[in-house]
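Contents: one structure, followed by commentary.
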Amino acid sequence: MAAERSTADILDAAVHVREAARSATSGETGVDTVLAALSEVMEYDHASLTRWDPLRRRHTTLAGSYPQEATAYIETRLHDDPVFSVLRSPARGGLWMKDVPRQLLAASPGFQEVLRPLGIEDGVAQCLFTADGGYVGMLNVSTRRSRRTPDPARAVVTLLTEALAATVAPRAVPPAERAAAEPAVEARRPGGLSPRELQVLSELTTGRTNREIAGRLYITPRTVGTHIEHILAKLDVPNRAAAAARAAAWGIEPSR
């Protein structure tokens, strides 16, 4: 009976997380309320929700309780950590520290330089994706002592990713409102390309494949292909080589 009650409590806490995420998404409350609700699902010493900024190629912390050094690592270096390449598959659930191979932890600057000195022994990192596979940010949760996280809690963290992704994703602005607010910016975009299309176009100048571009922008290869189709149509060019030449002529270069 105790096990059933524990599972029921976890599921009830998951509902609270979804409600907090819905309120944060609508702007009624802050993102910190989501992390507070998540503490009812699983105990933690530190946690953060971050948003991925594709233009600056870094994460921005929306809410978190990590020390400054750990926060800085998550924001500016985590996406280059060997562990991140394992995390960022849209098909994968959260990566729990106890499940990470020792060799990977040994090669991870984040664990060796940041988490280990903090005494972190357990936790989970979860990449967050939109419905179309676009990477929008991360959930990081850490504990300073090893705890047995109940299986229902592990499952709940995975099931909550859609709500958490909506929480960290930039607010969608209606086209009419965006046009009214940024007419000059829209007019300056070469070829009438969207910001994401400009990113993909800049990557074409390097000769990268769709899969390589997807890896750099944290989207799926299929999404890259769709963007390229739109780019070719908007620029009225026959192929990606011609699009890359146009980008070079405009002085568009990929971010480093």
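The values are calculated or read from the model by the stated rules, or taken from the named source; none is laboratory data. All figures in this text were calculated on a predicted structure; none of them were measured in a lab. Note: ideal-geometry Cβ built from the backbone for every residue, glycine included; neighbour counts use all protein chains shown.
Working only within segment 127-147, note down all residues that are assigned to a strand (DSSP E or B), more than 22 Å from Pro101 (Cα to Cα) and of a type in the set (Ser, Thr, Tyr).
Tyr135
Within the set of pairs 6 or more residues apart or between chains, which connect a residue that is of a type in the set (Asp, Glu) inside segment 241-255 to a residue that is surrounded by 12 or more Cβ atoms within 10 Å (Cβ to Cβ) with Cβ atoms less than 9 Å apart?
Close Cβ pairs satisfying both conditions: Glu253/Ser202; Glu253/Thr205; Glu253/Thr206; Glu253/Ala247.
Restricting attention to segment 86-96, does a residue exist that is in the same structural domain as Ala14 (by TED's automatic domain parsing) and modelled with pLDDT of 90 or more?
No; the residues of segment 86-96 include none that is in the same structural domain as Ala14 (by TED's automatic domain parsing) and modelled with pLDDT of 90 or more.
Only one of Asp45, Asp80, Asp32 is at pLDDT below 95, acidic (Asp, Glu) and surrounded by fewer than 15 Cβ atoms within 10 Å (Cβ to Cβ); which?
Asp80
Per-residue answers, yes or no, for (1) within 15 Å of the chain's Cα centre (by Cα); (2) closer than 21 Å to Arg216 by Cβ; (3) assigned by TED's automatic domain parsing to the domain that holds Ile213; (4) part of a loop (DSSP other than H, G, I, E, B):
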{"residue": "Ser48", "(1), (2), (3), (4)": "yes, no, no, no"}
{"residue": "Thr61", "(1), (2), (3), (4)": "yes, no, no, no"}
{"residue": "Glu69", "(1), (2), (3), (4)": "no, no, no, no"}
{"residue": "Gly110", "(1), (2), (3), (4)": "no, yes, no, no"}
{"residue": "Ala125", "(1), (2), (3), (4)": "yes, yes, no, no"}
